[in-house]
Each structure stands twice: as structure tokens, then as C-alpha cells.
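Encoded as C-alpha cells, the structure appears first; notes follow it.
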Amino acid sequence: MGVYRTEDGQPLVLNVVKWAEKLILNDLCSSKEYLPITGMDEFNTLSAKLLFGVDSAAIRENRVTTVQCVSGSGSLRVGAEFLAMHCPQSRPVCLSQPTYENHPFFLSAVGIPIETYRYYDPATHGLNFQGLLEDLDSAPAGAVVMLHACAHNPTGVDPTVNKMQWEKMRQLIRSKRLLPFFDCAYQGFASGNQDVDAKPVRMFVHDGGECVVAQSFSKNMGMYGERVGALSIVCKTADIASRVESQIKLVIRPMYWNPPIHGALVVATVLKHRELYDEWTVELRSMADRVIRVRQQLYDALSSRGTPGNWTYILKQIGMFAYTSLTPQQVSFMTKEYHIYLSPDGTINIAGLGPNTVPYLADAIHAAVTRY
Amino acid sequence: MPIRAALLRSITTTTAARGSPLIGARSASSWWGHVAPAAKDPILGVTEAFLTDPSPDKVNVGVGAYRDDDGKPVVLECVREAERRIAGNMNMEYLPMGGSVKMIQETLKLAYGENSEFIKDKRIAAVQALSGTGACRLFADFQKRFREDSQIYIPVPTWSNHHNIWRDAHVPQNTFRYYHAESRGLDFAGLMDDIKNAPNGSFFLLHACAHNPTGVDPTEDQWKEISYIMKVKGHFPFFDMAYQGFASGDPERDAKAIRLFLKGGHSIGIAQSFAKNMGLYGQRVGCLSVLCEDEKQAVAVKSQLQQLARPMYSNPPAHGALIVSTILDDPDLKNLWLKEVKVMADRIIGMRTALRESLEKLGSQLSWEHITKQIGMFCYSGMTPEQVDRLTSEFHIYMTHNGRISMAGVTTKNVGYLANAIHEVTKSS
């Protein structure tokens, strides 16, 4: 499961979250009544600024509608419902191969057809960029492209920003008139820097075009169980954004009427107080750094055991997961003999490991790879 | 190599020239240009209009949230204590897909009874839901998936969102008679007729207590007859229970209809909400339960309910559930809650009496008996839209156009003013 752990394998509640909760608790004036259908205003404004940048022209021009949803999952569902209602039925959503395992479910729940585009190259453990471009190029007119903003789940392989891969994708997507739909679940968690991780999304806003973004605070604020997220739709004009927002309300009201308040209150409190925001940046950095360290530890452990195979990709991949090339047979062996539970596709939750568990995992991988 | 692929290869191998024009985006038309503005929510419109009214006499009896005698929202003491206990301590891990096990256990006891045999026999499939709304929606989706050909019978009138919920779940809707305008009470004959005439095995949406918006509930004897005829017809009763404890002040009493149906051998479904009775409105805490034939079926049904929630929001929010389980699991806190819920219910019952007596004292020739006969948060006054408009324009009193008064907005300070205004606009009728 994609949940962060400390070095000791413990769940982590961020300090800023604890402080925010205390502030909220002591604020006796704080109303706990129904939020508006679109959620907490302040939360929406702050989440949009975090994602699109504090100086975002699109926000200034009121072209962005941001609606609090029940975490990234809820944002994906509400976004999908909106697409189903307002995009002709025949247009598919193109998912990367592979992608987050739940992506197909949100789409099939609303009857949107799914296509895929090549993404992961098992030979290089990297991006099949050529294949990606070819498949997007041959996507049907008006298709929607699901993109991972950063720290691709499950591969950890991201297109480059500095080496222009994202720019080339942007040009192709815009020239083909495809609609970009970003799943942004790891902002700040991937590189440790919120602005760096948001760069791909901002490129698609800066060019004046439209896009849809599902934003989650599960990982980067550790708010997993409180289900905090937001759906943003960047539109051509303020008038369109306002109409779009009114229609999104019609999706939400018969689903759960209005979103849960607690998580949004916590996130908004952190985002709006300078000291809390800065401390959050420090904690984010420290989580991201720990994951990078664990990657190094795992790589070193496998190298020192002489485990067959090229394991450098563990160092190159970004984010919570390592997408290994372990086969189902090897995975099953590791479960049976070592009681290690990975997903059948060989994905390892790096963020769940620590110096105590890495050696044991390396032993298990070594045994599996040499045995099969 | 095909031309197109060669073209793409050339894009990948050359870097984009500096200052090259941004391709495509600025001149493109909008994806959403054709999207029409949606109609505004009428109930929210009432509150918005109220907020912008500068009159010092203004009264808001449109809102469906409890207010104390000073017209202020209330956070219950038991909730504050629960929040104190849980703040900063708990981790924030994902709840299981079906929600908080502890919260569900306690919640089921409220609905089915502390010593319910159905709980003991593990015959209830239950999941935590996003308040009562989320519970209704999950059930509607479940109904659509597993009883594809079924339709839902909805009372007239009902909470407007009920129609939206079953519509979005793509379940065809029918209505059954409920409110009797002349008597401002229950159209029992019409109701029984419609139950009899519905095809066998239809699904019926019933308000367990404190019907929204009318405040009209069947009597115990009437519930018995409804239960009997529904059993004969093989109908499935789905209860929306949003006001347990809030109606009479006694949660056990408010669950009477449900207990009756259980005794009558029905398989039922229940949507429970803690929005009003614990004042947890914004936390979105509720529970959907379906009574099954046996434990095996309950396990299967629960897994399917979870599967329906999965592509909606994956798993439900923890905080509200934690508050509920902290309160219900602690005898002292639970007792405090029961006291506080009774205070809320009693205040409303008191205001009903005060409003009726005020109108009678003013010499109104109309019967206002229904104000005290109806129960729960709302009173269906019987006033026309024109009379409601006059209340707003002449007296700055805000309520929904159907004449529904939220008794929660009535206080000892404004009840006289409200009675006077109602008398003014109705005395010629």
C-alpha cells in the first residue's frame, strides 16, 4: 500500500498537522456546519495557489474552478462524472501503461471508454518516450489524456522537464487538441520541492490552454484517512469556469452533498500560516530525502550481495514506489518463503522501508532472483 | 519508417528552439464553451438572500441545521470532549474500505437495538458512508447493480435531493402519496393504496422519523399496517433515518418504525446520519446497513457495497467516525450525548407549542394544530408561495417556498414576531 513510514516503520503524522489540529481545537468560533457543495472556500483558494503557483495568471483571471473533493480518488470520480456529462460519449480517456490501479475503475464507473498509451519500457526500466508520442499522436480526436504530474504511480518514471520531454508532450497534446487530465498525488513528495513537482501541470496552464487536475493531500500532508483533495478545472474564460463550477455541484450533491470539513480545515490552516507552511516544506523535504536514502540503501544492499540484474533503476525512479522487474513467480516466492508482501506486478513501497527492513528485503530479492 | 513516426522521432531528437511559439493552446476553443449554467440550489438561495438582508428583524427559518435559543449554531459538549481526546493523538492512516469498524458497531446498535439478534447473528452488511446522503447514494447504486429492473418509490413530498440521488444512480423513480394538504397530516389512505398498487417487490423509501420536509410521521398503528401490507406485497423498505433522537428526544422511540419492521420479518436497508443528532454536519458521518438472510450473505453484500464506494472515494473520512465512536463507546459520553440530544429536541418541541399558542392568541381563525402534531426539525405550515413571498418582502422572514418552517430557527425572542407575521399574511385566507 502506498503509505509513508518513518525509519522505524511507524506511520507519521506531520508536526504541522498536529499543530494545525491544536489550533483548530482551540478555535471555539470555528463552525462545523455543512460546507458549501464545493467545499471550503479558503481551502480551495490555497490548494489552487499551491498547485498553479501564487502568481498564476489563470487564477488571477478567475479562469480556474477549484472544488474540494473526497481526496484524490473523489476528485478523479467527480472529474470523470463531469467529463461523462459534458464530453461526447465516444471520446475515450487514455491511460498510461501501466497506471495507478484504480484509474480504470473511476472511468468505468461512469461508462467512459478507456485506451492506453505506451509508457514504461521494461528493457530500460525507463520511459518509452517514442512509444508514448506515437500513441498520443494516434489518439482519437478529442480524447482525454491521463497524466501523472510527478512520481508516476507505479513506475516512478517521470518525463523530464529540463530535457524537454514534458514540453514535447505538451506540444503534441495541444496540437492534437487532446484534453490533459492530471493526477497530482505527490506534489512536494517527489523531489521535496512543491514548485518543482508542479512544473508539468503549470506548463499546461501557462500556455493558455485548458486542463483538469485531481489533487490529493493524502501523501504530502500525511492526511490519508481524512480524505482531502481538490478537483481543478482550468478554463478559457472566467464565465466558462463559473458555468463549469455550477455543473460540478450537480454531480456532487447527489453523491454526498458536501465534502468532509476536518481535513480541509487542517490543510488550509497549514497552507495559510507562513510558519506552518515553511515547516511543512521542511518535513516534506525530509520525507522525500528519506525515500531517496532508502533507495540508495536498497541498491547498495543488492549490489553487495551480487544480486544478478541491473538495479540502478531503483536510484533513478522517483517517489514512493520502485517498479521492479520481479516476475509474479518471484513475488510469490518472496511472499511464501520470506513473508514479504508486494503487489503482484513487483511494485515495492520504498517509503515503507527502513534500515531495519532493507537487508531482509534484499535477501528475499536475492533469493528469488537467483532461484527463478 | 512511416512518415509520421519519422516526424515524431525528429521531435524527440531536436530540442525545441528558444522562443518557438507555444503550439495550439491559446487559439484553441474551450472544451466547456457549451456548458450551461446549472440552476441554483433553492434552499441555499434562501440563506444567501437572508445573509444580504440588512433588516435587524430578519429571521431565517429556512436552514436545516439546529440553532440554540440565541439563534447560534451549537457544538455539543460531548463532541468537544471527544475532539479534545482525539486531537493530535491519532494517526491518520486510511480507514478500511468499509469504514471504522468500531463506529459501525455502535451505530448499528442505535438503529437495530442494543441487543439485536441481527447484530449477534452478523446478518447486517454495514459500511460507513458520507453521512445520510452518501448512504442513500451507495444504496441506490447497489440497488441499480443488483436489482437492475427495480424502481424506487419516493414519498410526496420528500427531501429534494432524494430524487437527484436515485436519478444519478439511474434507478427509475415513482412516487407514493404521503402528505395530505387539507389536514396538514398523513394521506394514509392514499399511501396504503399506492403501496398496494405498486408491483410486488418494489423498493420504497421511507423516512424513519421526523419526515423531511413535512414533519408528518405515521402513528404506531399506521406503521403496523404499512409494515403488514408491505410484507404481503414483498416490497423492500429502505429507511432514511436522519433524525434519530432529534425527533422525540429519545433515540429508542425514534427507531420505533424500524424495530416494528424488523419484528415483522422484513429485510430492510437503513441510511443513518449523525449530522443533526450529533451536530456533526460538516464531518459527513453516516452508515449504510442492509439486513441479510444470513452471515454469508451479509459478507457478500458488504463486499459489494465496498466495491461501489471504491471508485467514488476509496475509503471514508476518519475524523467524524472517530468522534462518533469515542462518544458512543464511552458510557459517560454517551449519556451526555443523550442528554444533549434531548435538550435540542425539547427546545424544538417547546417552540412548536409557543408558535401555535401565539397564533391562537392572536385570534387566527385557522387551525394551527399541525404545528404541534408534526415532529422534528420542520413544520409544513400550509402557507402558499405567495404568502411566503409576503413574509419575506414585508417581514424579512426567510423560508423555502413550500412553506416549510425550520423550527430550529425559531427562538423565544423571535417566535412572537414570527407568529404575528404569519397571522398577517394568512388572516384573509
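The values are calculated or read from the model by the stated rules, or taken from the named source; none is laboratory data. Source: prediction; values computed, not measured. Because the Cβ atoms are built from the backbone with ideal geometry, glycine has one as well, and the counts that use them run over all protein chains shown. Note: areas computed on protein heavy atoms with side chains; ligands, DNA, RNA excluded. Shrake-Rupley method; radii C 1.70, N 1.55, O 1.52, S 1.80 Å.
If you scan segment A:4-22, which residues turn out to be outside any loop (DSSP other than H, G, I, E, B), surrounded by fewer than 16 Cβ atoms within 10 Å (Cβ to Cβ) and more than 9 Å from chain B (Cβ to nearest Cβ)?
A:Asn15
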(request) For B:Pro21, indicate whether it is at pLDDT 90 or above, open to solvent by 80 Å² or more (accessible area, probe 1.4 Å) and either in a loop (DSSP other than H, G, I, E, B) or touching a Phe, Trp or Tyr at 6+ places or on another chain (Cβ under 8 Å) (or both). (result) no
(message) When the residues of segment A:173-185 are narrowed to those that are of a type outside the set (Val, Ile, Thr) and open to solvent by less than 10 Å² (accessible area, probe 1.4 Å), which ends up nearest to A:Leu51 (Cα to Cα)?
(response) A:Cys184
(request) Please specify each residue of segment A:209-256 satisfying the condition of being modelled with pLDDT of 95 or more and on the phi > 0 side of the Ramachandran plot. (result) A:Arg227
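Quick one: which helices (runs of 4 or more DSSP H) lie wholly within segment B:361-429 and hold at least 1 residues that are open to solvent by 10 Å² or more (accessible area, probe 1.4 Å) and more than 28 Å from B:Ala242 (Cβ to Cβ)?
B:385-395, B:415-426
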(request) Give me a count of the residues in segment B:160-201 that are open to solvent by 10 Å² or more (accessible area, probe 1.4 Å), of a type in the set (Gly, Ala, Ser) and within 22 Å of B:Lys144 (Cβ to Cβ). (result) 2
(message) Anything in segment B:89-124 that is within 21 Å of A:Val13 (Cα to Cα) and open to solvent by 20 Å² or more (accessible area, probe 1.4 Å)? List them, or say none.
(response) B:Asn89, B:Met90, B:Asn91, B:Glu93, B:Tyr94, B:Leu95, B:Pro96, B:Met97
(request) Run down B:Val59, B:Val79, B:Val127 and say which single residue is of a type outside the set (D, E, K, R), under 24 Å from B:Thr392 (Cβ atoms) and buried (at least 22 other Cβ atoms within 10 Å of the Cβ). (result) B:Val59
(message) Can you tell me which of (1) out of contact with any strand residue (DSSP E or B) (no Cβ under 9 Å at 6 or more places or on another chain); (2) within 27 Å of A:Met223 (Cα to Cα) is the one A:Asp300 doesn't meet?
(response) (2)
(request) Identify the residue in segment A:71-110 that is open to solvent by 50 Å² or more (accessible area, probe 1.4 Å) and more than 28 Å from B:Leu95 (Cβ to Cβ) and, among all such residues, is farthest from the other protein chains (Cβ to nearest Cβ). (result) A:Gln97
(message) Tell me the residue from A:Leu50, A:Leu35 that is open to solvent by less than 70 Å² (accessible area, probe 1.4 Å), in a loop (DSSP other than H, G, I, E, B) and closer than 25 Å to A:Leu231 by Cα, please.
(response) A:Leu35
(message) Would you confirm whether or not segment B:231-244 contains a residue that is more than 17 Å from the chain's Cα centre (by Cα), surrounded by fewer than 22 Cβ atoms within 10 Å (Cβ to Cβ), among the aliphatic types (A, V, I, L, M) and more than 23 Å from B:Asn115 (Cα to Cα)?
(response) yes
(message) Condition check: out of contact with any His (no Cβ under 6 Å at 6 or more places or on another chain) and open to solvent by less than 50 Å² (accessible area, probe 1.4 Å). Does A:Leu271 satisfy that?
(response) yes
